[in-house]
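Engineer: This is the structure, below, for whatever I ask next.
No lab work stands behind these numbers, since they all come straight from the coordinates. For clarity, every value in this text was computed on a predicted model and none was experimentally measured. Cβ sites come from the backbone with ideal geometry, for glycine too, and all protein chains shown count toward neighbours.
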Amino acid sequence: AVKILDGFPAGLSGRVVFLPTDNLNTDGIYSKDWTYREDVTREKMAEVVMENYDPAFAGQVKEGDVLVSGYNFGTGSSREQAATALEAAGIKLVIAGSYSQTYLRNAINNGFICVECPELSDAMKVHFKEQANKKTIIGDDQLEMDFARSVITWRNEKYRFTPLGKPVQEVVIAGGVENQVRASLNR
């Protein structure tokens with residue numbers, strides 16, 4: 001079992017939002033048209049998230065959802081808004097078959113939880129194959145995360161993921177690496 005630090009969730013659950021695609025790039029997640037604008041609020045980010053991938057996405061997701069996708073999630077440019085816009089839309093965390101390492105670093109640096117679980121991604125592709133023509137699939141069930149045991153439970157099946165250790169937990173608890181550094185400077 002993994003030691004869970006005070007302030008980090010021992011577990012989470014949420015409605016499944018499945019994106020049955022691999023290589024979803026950061027421009028699909030958060031358009032270049034919004035990336036360099038200084039006047040974009042969190043509300044606007046939530047409204048435009050995924051507009052280049054699925055314009056209907058923002059209207060389908062709700063607070064507390066868990067996003068699951070395929071492999072190489074977040075490939076492409078290094079825009080950190082690709083992580084923060086998902087959080088602004090109410091997504092609790094992202095589970096993918098694999099990530100672009102740049103996306104993963106940006107997400108963690110912003111205190112946004114991402115977990116790799118190829119087995120779950122593959123299982124969802126099989127389960128939702130009849131709906132594979134849809135870009136966003138809203139599941140009719142909950143997914144449960146157990147961070148202490150590094151296990152995801154979905155449809156009574158268990159899927160293991162690499163534990164989130166102390167450094168990642170500390171950044172998430174702080175609300176991002178900037179807040180973590182700021183707090184350490186103020187000690």
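Engineer: Tell me, yes or no, whether the stretch 50-57 has at least one residue that is crowded, with 20+ Cβ neighbours inside 10 Å, on the phi < 0 side of the Ramachandran plot and either among the β-branched types (Val, Ile, Thr) or in a helix (DSSP H, G or I) (or both).
Structural biologist: yes
Engineer: Okay, moving on. What pairs can you find where one residue is in the stretch 96-122 and in contact (Cβ under 8 Å) with a residue 40 or more places away in the chain and under 13 Å from GLY175 (Cα atoms), the other is among the acidic types (Asp, Glu) and not in a helix (DSSP H, G or I), and their Cβ atoms are less than 7 Å apart, with a gap of 6+ or different chains?
Structural biologist: Going by the 7 Å Cβ cut-off, the qualifying pairs are ASN110/GLU80.
Engineer: Output the strands (runs of 3 or more DSSP E) that fall wholly within the stretch 100-183 and possess 1 or more residues being surrounded by 14 or more Cβ atoms within 10 Å (Cβ to Cβ) and out of contact with any helix residue (DSSP H, G or I) (no Cβ under 9 Å at 6 or more places or on another chain), or say none.
Structural biologist: 113-116, 137-146, 151-154
Engineer: I'd like the residue in the stretch 73-98 that is assigned to a strand (DSSP E or B) and of a type outside the set (Gly, Ala, Ser) and, out of all such residues, is surrounded by the most Cβ atoms within 10 Å (Cβ to Cβ).
Structural biologist: So the residue we want is PHE73.
Engineer: So, one more: Starting from the stretch 142-167, take each residue that is within 15 Å of ALA123 (Cα to Cα) and touching a residue at least 60 places away in the same chain (Cβ under 8 Å) and list its partners that are of a type in the set (Gly, Ala, Ser) and not in a strand (DSSP E or B), counting only C-beta distances under 6 angstrom and pairs at least six apart or across chains.
Structural biologist: From the stretch 142-167, the pairs are PHE161/SER150.
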